[in-house]
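Data first, discussion second: the structure below is written as structure tokens.
The values are calculated or read from the model by the stated rules, or taken from the named source; none is laboratory data. These numbers come from a predicted model, not from an experiment. Cβ atoms come from the backbone with ideal geometry, glycine included; neighbour counts cover every protein chain shown.
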């Protein structure tokens, strides 16, 4: 009989977005697996929870997966969390989930706060279908080539990027899309300094490109509209 692996979503900024169910799980499991120890300790301390911690990140994913799987096989219950948001989604943990599934371990998702859906819903764009592209290449020429390919996409496009690359990304968006496509930038969602910016790629670059914005953000680009019939 194996233990249970819980995938516990945590707040993306505002601690009040933590769900009651997530707290119940964290209080009951035998082990909490976090991306960075400092962030894991901070979260547990905020909610007055004391649990053993194990780290799993891009530097030790294979070794950590092996260790955690041993705990699960020993009938220990484990909660996987990321620094913020939903674990595994654009974060380490996929290797662990795959290994647990193959070993017959029950994997239970505990949903919670997300930056993706709030960013989509505030755009006013069609979101019946959308493309989550995620992170573009950090290399300028490759990034611009990816953006040129995305020009033909008819679905709404979601991009994410690290804070220090925001200015460069906005510049490349402006150069690629110009004023032809509406965009929305959701900045520091759920926090007191949350801001939502609407405009074309050029307008966003002019307004925000020169600024040193420090924080997490999501950029949503409207899909290419069908050419009018003649």
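Below is a table of values for the structure above.
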quantity	calculated
Scan of segment 141-170 for residues that are within 21 Å of residue 216 (Cα to Cα) and either exposed (fewer than 13 other Cβ atoms within 10 Å of the Cβ) or without any contact (Cβ under 8 Å) to a residue 24 or more places away in the chain (or both), ordered by number	162, 164
Lone unmet requirement of (1) at pLDDT below 95; (2) in contact with a strand residue (DSSP E or B) (Cβ under 8 Å, 6 or more places away or on another chain); (3) within 27 Å of residue 88 (Cα to Cα) for residue 181	(3)
Top-ranked residue in segment 176-217 [being in contact with a helix residue (DSSP H, G or I) (Cβ under 7 Å, 6 or more places away or on another chain) and loosely packed, with under 14 Cβ neighbours inside 10 Å; ranked as nearest to residue 164 (Cα to Cα)]	214
So residue 8, is it buried (at least 17 other Cβ atoms within 10 Å of the Cβ) and under 28 Å from residue 217 (Cβ atoms)	yes
Which numbered condition residue 66 fails, given (1) loosely packed, with under 15 Cβ neighbours inside 10 Å; (2) modelled with pLDDT under 95	(2)
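Let's see how each residue does on (1) out of contact with any strand residue (DSSP E or B) (no Cβ under 6 Å at 6 or more places or on another chain); (2) within 17 Å of residue 34 (Cβ to Cβ); (3) buried (at least 19 other Cβ atoms within 10 Å of the Cβ):
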| position | (1), (2), (3) |
| --- | --- |
| 61 | yes, yes, no |
| 74 | yes, no, no |
| 78 | no, yes, yes |
| 96 | yes, yes, yes |
| 103 | yes, no, no |
| 110 | no, yes, yes |
| 118 | yes, no, no |
| 134 | no, no, no |
| 139 | yes, no, no |
